[in-house]
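Undergrad: If you scroll down you'll find the structure; I have some questions about it.
Quick note: the coordinates plus some simple rules give every number you see, no bench work behind them. This is a predicted model, so every value here is computed, not measured. Cβ placement follows ideal geometry from the backbone for every residue including glycine, while neighbour counts extend to all protein chains displayed.
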Amino acid sequence: MSSLHEECGVFGVYSNDESLDVAAAVHYGLFALQHRGQESCGIYVSDRGVPTGYKARGLVGDVFTRDVLAGLGRGNMAVGHVRYGTAASNRARNAQPVHVNHSNGSLVVAHNGNITNAGELRRRYEMEGCIFHTTSDTEVIAYTVTRERLKCGSIEEAAARAMAQLEGAFSMVMISSQKIVACRDPLGFRPLCIGTIDAAGAAGVSFVVASESCALEAVDAKFLRDIEPGEIAIIDRDGLRFDTRHCDDQKDKRLCVFEYIYFARPDSVIDGHAAHVSRETAGQILAQEYPVEADVVIGVPDSGLDAAIGYARQSGIPYAIGLIKNKYIGRTFIQPVQSDRSDSVRIKLNPVAAVLRGKRVIVVEDSIVRGTTFDRLVPLLREAGATEVHIMSASPPYKFPCYYGTDVKAWESLLFNQHGSAEGIAKAIGADSVSYLPFEALPKLVRPGQGVCTSCFTGEYPVRIPTEPVKSRFEERL
């Protein structure tokens, strides 16, 4: 994908088993979610309501050394976060989780998504005397929950009241007192699921909350179910229970369709549907819609590989590994500055000349957004000997900014808008052809009846969007 999303990953553990090292469990969970954010990470451990944490810029394996993990101590609860920062907010202070103290105790929040009315809430709180230390939505969430917590008797009630005030996308995990509370916004833009770890003895079941099911497997947890849009999960010494007051069966759900196209790891199952199946189906549809005479089908690693396999299977054209990805370079989208993205592409992907030389090549990618990858990639394929290069995008044209958790705010930064057509893009990047998944095919990528957000393709937004770029303005003041 061409460098865009401000996607994050959250992970939480509540343990009834004293032998379970919750910090280590979250550490493993974050490794499994590293693909969702590679700019910074953090872990907080709570020992019966007293949190200790560490967060910094960098990858999970670099930030959390053995000594750092040991310094977090032992506890019965922990939450963690991996983050990708936008161009305007990639400062170390914006690393998560966010920890605040208040007169009733403390609150730790890890959040994935984007609060569209965060600017309005922040201005209101500042006028009332609140002081902000970051530009992240998560601090706004923490203040909103804390304010409600001071008015009511429980963290779950405070979370429910806060949900009524927050707009946009939010899947989050919080520690307050001796409870873990997990929430998902009423439209369900971002995924969140729960699993269980069975204790060996009589200690009972431990619970795990994660952005994706693949992270449950990293700690040998059994998938229980997804948290439903609008639902609040409360985990404490009495077990697991749910608050469904914000669930509305009549309201259209809007899971971000890019969870299936790009964000999620292929082995994750989100809201009952496997990401791998979605991507392979997209490739099959591309082969049906755009048959091309070619010698080999290759995918852009890693998120384009499943769709490439689907294309090859449907078309009968052989599939081969034509690009090698440097595993020590993160997803290109994590670079907040365009020049950094371009530099990353140069060392991220290397063509396999033996596969490409003298061949007509179909290249399948999950999506084409800013075009960063293909500006550099098509010339590399030509240099490796490809006689024809046909680009297939496993998503429709990305035409509109997203306000629900992605770093695409400028209409003119999108490649399709710069050139106006697939033919114009092909000419600009030097490809023989460029083809996109038809928008009408999107329902085939998800389970029947599932609602998804497609505003980046249509410009039709299910939740009101910000009227000004408030994050950038706040960042300039810091």
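Undergrad: What is the local net charge at K359, summed over the other residues whose Cβ is closer than 12 Å to its Cβ (Lys, Arg +1; Asp, Glu -1)?
TA: Residues close to K359 contribute a combined charge of 0.
Undergrad: Please compute, over every Cα-Cα pair in the stretch 31-122, the percentage with a separation greater than 23 angstrom.
TA: In whole percent, the long-distance tail amounts to 26.
Undergrad: Taking the highest mean first, how do the peptides 47-53, 263-269, 140-146, 223-229 order by number of other beta carbon atoms within 10 angstrom per residue?
TA: Values: 47-53: 16.0, 263-269: 20.9, 140-146: 25.3, 223-229: 18.0.
Answer by packing, highest mean first, reads 140-146, 263-269, 223-229, 47-53.
Undergrad: Can you give me the distance in nm between label points at L150 and K222, each placed 7 Å from the Cα along the Cα-to-Cβ direction?
TA: Output for this residue pair reads 4.4 nm.
Undergrad: Where does each of E365, E231, E388 land when they are ranked from fewest to most other beta-carbon atoms within 10 angstrom?
TA: By the 10 Å Cβ count, ascending: E388, E231, E365.
Undergrad: Please work out the ratio of the alpha-carbon Rg of the stretch 376-445 to 2.2 N^0.38 Å and round it to two decimals.
TA: In units of the globular-protein estimate, the stretch 376-445 measures up at 1.26.
Undergrad: Another one. As I understand it, the value is the acute angle between the Cα axis of helix 275-289 and the longest principal axis of the Cα atoms of the chain; what does it come to in degrees, rounded to 10?
TA: For 275-289 against the chain, the angle is about 30 degrees.
Undergrad: Tell me, what HN-Hα J-couplings in whole Hz come from the Karplus equation 6.51 cos²θ - 1.76 cosθ + 1.60 at θ = phi - 60° for each residue of the stretch 17-31, using x for Gly and Pro?
TA: 10, 5, 7, 7, 7, 5, 5, 5, 4, 5, 4, 5, x, 5, 4
Undergrad: Stokes-Einstein at 25 °C, 0.890 mPa s, Kirkwood radius from Cα pairs: D for the chain in µm² s⁻¹?
TA: Value of D from the Cα-based Kirkwood radius: 108 µm²/s.
Undergrad: If packing is taken as the average number of other Cβ atoms within 10 Å across a peptide's residues, how do 153-162, 35-44 rank, most packed first?
TA: By packing density, highest mean first, the sequence is 35-44, 153-162.
Undergrad: For the stretch 9-254, just run the numbers: alpha carbon Rg, then divide by 2.2 N^0.38 Å, N being how many residues it has.
TA: Ratio of Rg to 2.2 N^0.38 Å for the stretch 9-254: 0.93.
Undergrad: Still on this model: Classify the stretch 274-449: rounded, prolate or oblate, from the alpha-carbon gyration tensor (a ≥ b ≥ c, eigenvalue square roots; a/c under 1.5 rounded; otherwise prolate if a/b is larger than b/c)?
TA: rounded
Undergrad: Give or take rounding to whole Å, what are the principal axis extents of the alpha carbon atoms in the stretch 173-282, in descending order?
TA: 47, 32, 20
Undergrad: Using a 10 Å cut-off on Cβ atoms, rank the peptides 111-118, 282-289, 70-77 from the highest mean neighbour count down.
TA: Details: 111-118: 25.2, 282-289: 21.9, 70-77: 18.6.
Those peptides, ordered most packed to least, come out 111-118, 282-289, 70-77.
Undergrad: Could you work out the relative contact order of the chain, using alpha carbon pairs under 8 angstrom and six or more residues apart, expressed as a whole percent?
TA: After rounding, I find 16 percent.
Undergrad: A further question on this structure: Can you say what percent of the DSSP beta bridges in the stretch 274-449, counting only those with both residues inside, are antiparallel? Round to 5. Can you show the working numbers first?
TA: Numbers: 3 of 18 bridges.
Bridges in the stretch 274-449 are about 15 percent antiparallel.
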